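The structure appears right after this line, and notes come after that.
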Amino acid sequence: MGAPAPLTITPLSPCVGAEIGNIDLTQPLTAEQVNALKDALGKHCVLFFRDQPIDLAAHRRFAQYFGELHIHVGGEGTASKPDPNYPEARVQHFDRNSKRVSGEVWHTDQSCAAVPPMASVLHQTIIPPDGGGDTLFASMYAAYDALSERMKTFLIGLTATHDGAKLFDKGTKTVYPISSHPVIAVHPWTGKKLLYVNRGQTTHIDGIPREESDAILGFLFQHIENPEWQMRFHWREHSIAFWDNRCAQHRAIWDYWPNVRSGVRVQIKGTQPPVPA
Ligand code: SIN
């Protein structure tokens, strides 16, 4: 058998998201394929794959091409474990009994951690029958680029506090991580600047009065949510989304109750805290 045909990378919007073709994630990948995916991830922030009926072993193998697996710092929350031997895998299953779903607020996954996960790989196995359950993604490169020069100058050098208690279910865990990260960070692979605060977990900008922090964060959260740098992904059975948690934020839409949406998510460890610009 010769080398596999080169991947196809089809952007799904001008700022964020690309669909990858000519790939079979049920099988091991070549080093060339992994490198091409790394380049595409840093550039497009989220990669999508269709028709990939992977099992947990293939899911873990795919994630491990990009780093070690990460264990969620927020306890079980709305998720459960598909296999007690693999605590890094979370079943994200929602149905008529769900009180809430994961990720309904714009967020960066676990930015409350000292070293947040670098990326997430979500595989959906059951999709609501009526077209609901999309996920929104936004580019934090584009959100940063669109700020005025005055605002960029003001924000560079500031840090903000991220508190897991703002987002995670109360009750499964009583103590959540709290960390301080740069408001403007640099992506370690691309060298591009990005905005690193999120509505889900950022509580305040450090070292300025709370009123000023509330007003600035209020503006930044609205700015991040501008549809100009968003895309909306419509899942099908066995679609996979692989998002770079450093340059993308996301939000799940729960418009499908009482229908079922079910998938498994695995995360990849970060190798360093967010890098200040
Ligand atoms: C999440 O992992 O934050 C939720 C994403 C989704 O279910 O669409």
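See the values below:
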read-out	value
Partners for LYS38 among aspartates and glutamates (Cα-Cα distance below 12 Å; same-chain residues under 8 apart left out)	ASP244
Extension gain (nm, one decimal) between ASP255 and ILE126, 0.36 nm per residue minus Cα-Cα	45.0 nm
Length released on extending from ALA31 to GLU149, taking residue separation times 0.36 nm less the Cα-Cα span	38.5 nm
For peptides 190-200, 214-224, 247-257, sequence by mean Cβ density within 10 Å, most packed first	190-200, 247-257, 214-224
Peptides ranked, highest mean first, by Cβ atoms within 10 Å: ranges 114-122, 61-69	114-122, 61-69
Range of Cα positions in region 191-271 per principal axis (Å), largest first	47, 34, 23
Of LYS166/LYS193; LYS152/LYS269; LYS43/LYS152, those spanning more than 23 Å from alpha-carbon to alpha-carbon	LYS166/LYS193; LYS152/LYS269
The chain, helix-only ellipticity at 222 nm - DSSP H runs n ≥ 4, -39,500 (n - 2.57), divided by all residues, nearest 500	-5500 deg cm²/dmol
Compactness relative to 2.2 N^0.38 Å, alpha carbon Rg of the chain	0.98
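Taken together, the values in this text are just the output of simple stated rules run on the coordinates, not laboratory data. The shown structure was predicted, so the numbers you read here are calculated from the model rather than taken from an experiment. So basically every Cβ, Gly included, is an ideal-geometry build from the backbone, and we count neighbours across all protein chains shown.
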